[in-house]
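Reviewing the structure listed below.
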Amino acid sequence: MVIKSDSYARDIKEKDKKNNLHSWSAQGKLDPKVITGAEGIYFWDHTGKKYFDMSSQLVNVNIGHGNKKVINAIKEQADKLPFIGPSHAVDVRSELASRLLKIAPDNMGKVFFTTGGSDANENAIKIAKMFTGRNKVFSRYRSYHGATYGSANLTGEPRRFVSEPGIAGFVKFFDPYIYRSHFEFKSEKEASRYYLAQLREQIIYEGRESIAAIFLETVTGSNGIIIPPDGYLQGVREICDEFGILMVCDEVMAGFGRTGEWFACNHWGVSPDLITFAKGINCGYIPLGGVLVRKDIAEFFDHNTLMCGLTYSGHPIGCAAGIATLEVYEEEGLIENSKAMGKVLGEELEKLKTKHPSVGDVRYIGLFSAIELVKDKATKEPLVPYGQDTEKVMAGIIGNLRENCFSTYSHENIIIVAPPLTINKEEIKEAMAIMDKVIYEVDDMIK
Ligand code: PLP
């Protein structure tokens, strides 16, 4: 563990404040911790204070920090061939694509690599438009698909507003967010029927032959781990088939074992037409993302120009890290561990829900989970109003968790809990005891 002096940390912070702009924040009041290292499920600051990384940073460090196999693969590739342009064939790019196709749903034919999740979605929009010759794209309100212009227009939540007035033809529909639904459904199937009927009607009103694609996070991530009810994804698949619309599953966050399967769509046996991915492909050791493309869509581009391109598409170091990362998932049994530890985490979350008046709902699948905070369990009034946490209440709770060595982030009234897939039972219990303690203080706030 690297410990540094306070003056070292002060200097870094001063330079940071003077020179860096941080994402999604008013800069003035930021007070970032100076981090000097990370290992497994932990990272530590310059004083040596160690934090549980209970969000895997931005839900990307699935294999944990400091994995030597991936680091060595990066070093070896940097020695061998750090870069060659995307028009060339290179061993690591060919190999990673073929390994990805082995774990992907079997209707997938090829991969287009990008540098992250936003540009994966940008390119998926273009592929869908080129293949179908149609121009509209559907996506949901409670979604995040990225911050670049097109992906921000796909995004449904308030981070989209700065990119508005939006691009013409980007249409939003409602999520099957049962906890906040205006109706009491008797079953998940009934909820699915309702939301699917609404979607089908909206497609007809928008012009059934003008819609290229429906984008959905297979399991909604940042916007609250919204898990599709029984039959929902299968129903979207049927609607897409009926109208010749491409079904695009954004698995940037939900993919690579996060939900206890290689891809979240496996839970429901649904084969999308395109899958976008990033994060867990190499866990951010080097930026990488991409689009998995259905066989016949890939073949379409045998004789039609693929009007997509990025200087760093299929970056050799990113691909080498990707191959090593896929091996780590297999060798360390991380997909299975996600499933098994997800059960342990689920039990801890259910205890919180039973115990605390401020916990309205908990949702979990694999090691992908959320705690939804409310002012009142009966009315479900959110702890902070949607898009308007002007008092920074949630930032206060996240800060309190961090002071107690539990690092994560929140979105609206929801706390994300998504630790590295390497976590064990004892670590989950230890970390969730911190959450329990901090939520008692939230209970006091709502008295
Ligand atoms: N899609 C989803 C579901 C995401 O969660 C994210 C990022 O959090 C993105 C896309 C954008 O990915 P990136 O930040 O790598 O551009």
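The values are calculated or read from the model by the stated rules, or taken from the named source; none is laboratory data. Everything numeric here is computed off the predicted structure, so don't read it as measured data. Backbone-built Cβ (ideal geometry, glycine too); neighbour counts: all protein chains shown. The accessibility values were calculated without ligands, DNA or RNA, using every heavy atom of the protein model including side chains. Shrake-Rupley method; radii C 1.70, N 1.55, O 1.52, S 1.80 Å.
Structure notes:
- Stokes-Einstein diffusion of segment 160-223 at 20 °C, 1.002 mPa s viscosity, Kirkwood radius from Cα pairs, rounded to a whole number: 155 µm²/s.
- Potential lengthening between LYS353 and TYR179 on full extension [0.36 nm per residue; Cα-Cα distance subtracted]: 61.3 nm
- Global form of segment 3-57, assessed from the alpha-carbon gyration tensor, a/c cut-off 1.5: oblate
- Here r is the Cβ-Cβ distance between GLU201 and LYS102 and R0 is 51 Å; the resulting FRET efficiency, rounded to 0.05, is 0.85.
- Signed unit charges on C-beta, dipole axis of segment 68-331, positive-most listed residue PHE170, ALA147, SER313: ALA147
- Calculated from backbone phi, Karplus (6.51, -1.76, 1.60) coupling profile of segment 227-237 in Hz, x at Gly/Pro: 8, x, x, 2, x, 5, 5, 4, x, 5, 4
- Panel note: the C-alpha atoms of the chain, placed on their principal axes, show extents of 60, 60, 42 Å (largest first).
- Cross-link pairs LYS136/LYS392; LYS50/LYS102; LYS102/LYS339; LYS353/LYS392; LYS68/LYS295; LYS279/LYS377 - those with Cα-Cα distance over 31 Å: LYS136/LYS392; LYS50/LYS102; LYS68/LYS295; LYS279/LYS377
- Carbon plus sulfur fraction of accessible area for the chain, probe 1.4 Å, in percent: 54
- Computed from label points 7 Å out along Cα-Cβ, the spacing between GLU95 and GLU242 is 4.7 nm.
- Under-5 Å amide H pairs with ARG294, H placed in peptide plane, nonlocal only: GLY109
- Here the dipole of the chain is about 620 debye; that uses its Cα centre as origin and unit charges on the Cβ of Lys and Arg (positive) and Asp and Glu (negative).
- Charge dipole (Cα centre; +1 on Lys/Arg Cβ, -1 on Asp/Glu Cβ; no other charges) of segment 287-411 amounts to roughly 500 debye.
- Environment charge at VAL291 (Cβ cut-off 12 Å; Lys +1, Arg +1, Asp -1, Glu -1): -2
- Long-range HN-HN contacts of GLU381 with modeled amide H, under 5 Å: LYS375, ASP376
- Reachable lysines, given that their alpha-carbon falls under 17 Å from the alpha-carbon of LYS15 and they are not under 8 places away in the same chain: LYS4, LYS29, LYS33
- Taking all protein chains together and rolling a 1.4 Å probe, LYS110 ends up with roughly 110 Å² accessible.
- Percent of beta bridges antiparallel (DSSP, the chain, rounded to nearest 5): 65
- Highest average packing first - 196-207, 166-177, 314-325, Cβ atoms within 10 Å: 314-325, 166-177, 196-207
- A prolate overall shape is assigned to segment 68-331, the ratio a/c of its alpha-carbon gyration tensor axes (a ≥ b ≥ c) being 1.5 or greater and a/b exceeding b/c.
- For the pair GLU331 and LYS295, the difference between a 0.36 nm per residue extended length and the Cα-Cα distance amounts to 10.1 nm.
- Of the residues LEU246, ALA128, LEU383, the one whose Cα sits farthest toward the positive end of the charge dipole of the chain, with +1 on the Cβ of Lys and Arg and -1 on the Cβ of Asp and Glu, is LEU383.
- Relative contact order of the chain: 21 percent, from C-alpha pairs under 8 Å at least 6 residues apart in sequence.
- The helix-based estimate of mean residue ellipticity at 222 nm for the chain, built from -39,500 (n - 2.57) per DSSP H run of four or more residues and divided by its residue count, is -12500 deg cm²/dmol to the nearest 500.
- Relative packing of 123-136, 39-52, 86-99, which averages over residues the other C-beta atoms within 10 Å, highest first: 123-136, 39-52, 86-99
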